[in-house]
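These notes concern the structure reproduced below.
The numbers here are math on the coordinates, done by the rules we state, and not lab data. Just so it is clear, the structure is predicted and the values come from calculations on it, not from any experiment.
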Amino acid sequence: GGDACASRGYYDVFTRVDRARDFALGALTAVQPDPLRAPRIVGRLAPGAHVRCTRGVWRGTPARFSVRWTRPGGSRALGHRWRYTVRRRDARRGLRCTVTATNRGGRNAATAERRAGTKRHRAPARAGR
């Protein structure tokens, strides 16, 4: 009889401590993701070449990332994978990749853009603010 009560009390204390820890950690991770370093498009912008979009660096401990490829000035999605095969039209017009970071605090996006004929990525456009 007495051992059962003692072990139950011991268990209850640890359960309460675990819940308090989980609550505190949840409050810390509930900060909306914020890009510290923008994503980049890496690779040659030539027909048939493969380019990839980097995630960038984020504050707010994102739990999930997604990517969306578009052309500058366009809204139609060209792809949703981290690697993309450049088409002829992309090589002429350029590409954009938008990385969306999501956690319990919300979501935010950052965009990298490469214009035709440029070797470096342009400064990112920040979305979700």
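Odds and ends about this structure:
- Multiplying the residue separation of Arg92 and Ser66 by 0.36 nm and removing their Cα-Cα distance gives an extension gain of 6.8 nm.
- Extension gain for Trp82-Arg52 works out to 10.2 nm (0.36 nm per residue, less the C-alpha to C-alpha distance).
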